[in-house]
Every structure is written in C-alpha cells, then in structure tokens.
Amino acid sequence: MHHALIYIFGGTGDLSFKKLYPAFYALFRKGDLPEQFNLIVLGRRTIETEDIRNQIDERLSRELINEEDRERLNAFLKRIEYFSMNFESQEAYESLNQLSCELCKEEQAGKIAYLATAPEYFEQIARHLTCSGILQKNNENHRIVIEKPFGKNLESASQIDHSLQACLAANQIYRMDHYLGKSMIQNLMILRFSNAIFEAAWSCRFIDHVQITVSEDIGVGDRGGYYDHSGAIRDMIQSHLLQIVALITMNQPKTLHYDDLADEKVKVLKAMKVHNIETDLIMGQYGSNGVQPAYREEKGVDPQSCTETFVALKMQIENERWKGVDFFLRTGKHLKRRVAEVTIFYKNNLPNIKYKNAPQNRLTIRIQPDEGTTFHFNLMEPSNEQNIIEREMDFCQSCLLIEDSPEAYEKLIYDVLQADRTLYTRWDEVEASWRFIDQMLMPCKERQLVLHPYEIGSWGPKAASELMDSGRAWVEGD
Ligand code: BG6
C-alpha cells in the first residue's frame, strides 16, 4: 500500500490515546507505515485539528528521548487531521468523503477504518461508510477494524456481524483481539508445533490439567460506565481467555494461513463444555480496602451493581485428545499482581515406579509482564538418592530484549496494513465463543445470589480455590 487513509472513529477516546496513537507512532518511527498516509481522527466534539495534534503530542512526547525524536514526532503530527462529525448523519460521511478525495487523489489508495467506538455504532458506521462511497464492498484495499466487545451475547453479536457482512466482504473485516498480538501468545504455536518434545506429550495421556490466569492489579478506573454493562465474563473470558484455550488445545493446522488456523480453532471452541455451571463458575466483585473504593463506589457503576469483576471457571474440551483434562481459567480486576500466564501440569505417570513426593512436571508460559517459559522437571537429589528434587529450565525472553516486545496493537495494526489476517479472528470463532459464554450470562437477580465479595489485592474469593479439586491448587493463590 503506497498511500493510506486511516480513519479513527472514536479518536478522542481512551483507547485511541492509550493504545492506537502510540502504536501508529511506533510504526511511523520504524518506517512501517505507508510512505504516504493520513490519520483522520473522527469525533463528535467540535475541536480543531491543531487541538487534537496538541493532545496527541502531549501523550506521545512523554517518551521522547532526543531532538531527532522531536522532529520525527512533528512530522508524524503533520499527518493528522481532525474531522468533527455526527456518526449518524449521512451528510457528514459525504463531507468526509470529500476530505478524503482532497487528501488523496490516488484511486488505488488504501482505506482503513478503525472503529474504536462502542459496538452499537459498528453497524451504522459501516453502512454509512459504504453508502457514501468511502469504502467499497469487495475492494480488498478497503478494510474495517473492529474490536471486542462484538456485542453482548450471541444474538447481538450475530446481528452486528450480519450487518457488517452486508456492507463488506468477509476479507475486508478485521476483528481484533489484542491478546493475539502479544508476543508470547504468538509463541504458543511455535512452542507446540516446532518442538516435538512438547507436542508429543500434548494430550490427556500426559497432561493432568491446565491453568490460565490473567489478573490485573488495578480496578475499573474511569471505565466503570462500560464495564458495568460488561463484566469479566464478557470483557475477558469470551475473547482473550477462550482464544488462549483454543491455541493451546487445537490440532496442528494444515498451514499457518488464516483459514486453516481458524478452522482448527473453531473445532475446539465448539467442543468447549462446562459440566456444571452452578459449581464450576465462580464470580466475585471487589470490595473496598478502606483506601480504594469498592467496585460499587466506582465512577459510572451502579451502587447496587451485580457485575462480576472476577471469574474462575473449570471447563473441558470434549474430544478424544483432551478427555478428562480440566482447564482452570481465572481473571479479575484489583487482584494481587498483574500477570498473564499459562501452566500445563503433567501427570505423574510412571505406572510401576512410584517415587515419593515427585512433583508434577510443569510447563509455564509467561505472557506478561515478564515474557518467557519455564519447565519444571525432576532429578535425584545429589546427596540422597531416595529423594527427588524439582529443577527448572528457564527461558526469559524479556531479559534478552533491549526494548520491550512491540506492543500488541503495533503488531496488529501493521498486519492490517499488510492485509494479513492471521492474528485476527474469523466470525465463526466469535460465534462459537459466544455460544459457549451465553450459558453463563444470568440475570442480575440470580447473579446477586452467587457473587462472592473479595478484597482488593487478594487472589479473589476463597471459592475460587475451592474450585480446584483432587489436591490441586492455583500456581499463585492465597
Ligand atoms: C481489554 C479489557 O480487552 O483488556 C480490559 O477490556 C483489560 O478490561 C484489558 O484491562 C487488559 O489488557 P492487557 O493487554 O493490559 O492485559
């Protein structure tokens, strides 16, 4: 793509400032944006281009190192335009089309519309974009990027998707799950498929159970208004955590191309089961610790809210490969530490020889904040041949990098520009995840009865530990 017009709907919002502008600038610094591009920031507020440039400058100049960086940032800011519009008005899109023609005379220019808005707007923005001629159906250079949440349940997600697919062809729609852009999540496939030693023992024959924790040490902050209508199940499990489970459990795809990969993911997403929702799903909500507010006291949150800020879930994959293996998922706000990691626990399966106290082998994949992998295995204690001790092989990816791994958004935006959808999700993956999640979305009254309070800074409610049976325990827990 030689020239690209990039439209950021919701460009004055939180996501744009926190993630999108830093990612676009990082790509610009590396020379990874098209030679000619314009970033058109779209918002309802009537402000001038100069104002948005100043605000973006303020955000990005925090990380400036030297004079050269300053010049580069100035050059980047010059590519930004602000266009104030009402997302519902067709005339506004016509004026936007005019601006687009002034900015770029090239017929073949790429156009990327990034919808950093609430999902309620996806449908009408896509419709107006195509009706006004800004985006053309079946033109592969015209792409739309949407981010989760894709709806609130299977029904609303299907409706959104249906309307999007009425406006654009499937290969023009990029459904982003930013976890897929994280370096160690991409590494999951390499770890599995390029290491015979792991893949050979990657099944219920050798694996006892799997734990996945994605915890945050902060609360909902100023996103209370959004979060209170979402909750941890929709916000994290439906997307990020189920994608991680799918990457861990899918069979090897025929190729690493988008469709082959999605085909395999869909198979396991469809095989996901929870045996007993009443006992295997634990929900919690954080209370106050005397210093920080309780969830119900957060800005934008209903004081009687029954929204869960913590979830622990025991689930299975119903196929031959994973028969009897429990997958324990845990995620929440205001927990003890910010960490995302997967731990595979192997069985102690030496049928005839039983060493005393032999710990289970464990393979941990650390996604963030540290990136790396650790394998725990057993050896004889040098001074006591009767005793087994646990040793570890550790690989620390973060220690090797001079700079941090590229932010997930940077990688994913780069991929849209390259028309590479490998790390984006296909509709049937989203559909299968919602189908699985729908059974957990209960009315507030029911939820009120099972919502466990937990302390800020803990590992969530006690009930989450009780979910672990047969002597198992969370790798990290109170
Ligand atoms: C988002 C959720 O998708 O992921 C947020 O909406 C959450 O609630 C965030 O905080 C976590 O992402 P990361 O990359 O900081 O782990």
Point to revise | Sites matching trypsin sites (Lys or Arg not before Pro) across the stretch 35-84 that sit in DSSP coil, with at most 14 neighbouring C-beta atoms within 10 Å | key: Arg44, Arg45, Lys78
**Study point:** Acute angle (nearest 10 degrees) that the helix 90-103 long axis makes with the longest principal axis of the chain, alpha-carbon atoms
**Key:** 80 degrees
Exercise for review: Using Cβ-Cβ distances only, list the Cys residues of the chain with no partner cysteine under 4.7 Å, sorted by number.
Suggested key: Cys101, Cys104, Cys131, Cys167, Cys204
Point to revise | Values of log10 I(q)/I(0), in the order q = 0.14, 0.23 Å⁻¹, for the stretch 234-358 under a Debye, Cα-only, solvent-free model | key: -0.81, -1.35
Point to revise | Cut-off under 5 Å, modelled amide H: who pairs with Asp326 long-range | key: Val210
Practice item. State the volume of the convex hull built on the alpha-carbon positions of the chain, expressed per residue in Å³ and rounded to an integer. Key: 170 Å³
Point to revise | Proxy reagent accessibility, fewest Cβ within 10 Å first, across Thr331, Thr130 | key: Thr130, Thr331
Check your understanding: Taking only C-alpha pairs under 8 Å that are 6+ residues apart, what is the relative contact order of the stretch 108-238 in percent?
Key -> 22 percent
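Going through the stretch 388-457, which GluC sites (Glu not before Pro) have at most 13 other Cβ atoms within 10 Å and a DSSP loop state?
Glu403
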**Study point:** Nearest-ten-degree value, helix 427-438 long axis tilted from longest Cα axis of the chain
**Key:** 60 degrees
Review point. Using Cα atoms only, what is the angle between the long axis of helix 183-193 and the major principal axis of the chain, expressed in degrees (0 to 90) to the nearest 10?
Key: 50 degrees
**Study point:** Selected from Asn171, Tyr409, Ile437, residue furthest toward positive end of dipole (the chain; charges at beta carbon)
**Key:** Ile437
Practice item. Convert each backbone phi in the stretch 248-259 into a coupling constant with the Karplus relation 6.51 cos²θ - 1.76 cosθ + 1.60 (shift: θ = phi - 60°), then list the ³J(HN,Hα) values in order as whole Hz, x for Gly and Pro. Key: 6, 9, 5, 7, 4, x, 4, 9, 8, 6, 2, 5
Revision key, fill the gap. The stretch 79-157: relative contact order from alpha carbon pairs under 8 Å, six or more residues apart, as a whole percent, is 34 percent
Review point. Relative contact order, percent, of the chain when contacts are C-alpha pairs under 8 Å separated by at least 6 residues?
Key: 17 percent
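Ignoring everything except DSSP H segments at least 4 long, calculate the 222 nm mean residue ellipticity for the chain; use -39,500 (n - 2.57) per segment, divide by total residues, nearest 500.
Helix-only estimate at 222 nm: -9000 deg cm²/dmol.
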Exercise for review: Treating each Cα of the stretch 60-106 as an identical point scatterer and ignoring solvent, apply the Debye formula and state log10 I(q)/I(0) at q = 0.14, 0.24 Å⁻¹.
Suggested key: -0.55, -0.84
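Every read-out reported here was derived from the displayed coordinates using simple, explicitly stated rules and does not represent laboratory data. These numbers come from a predicted model, not from an experiment. Glycine also receives a Cβ, built like all others from the backbone with ideal geometry; neighbour counts cover every protein chain displayed.
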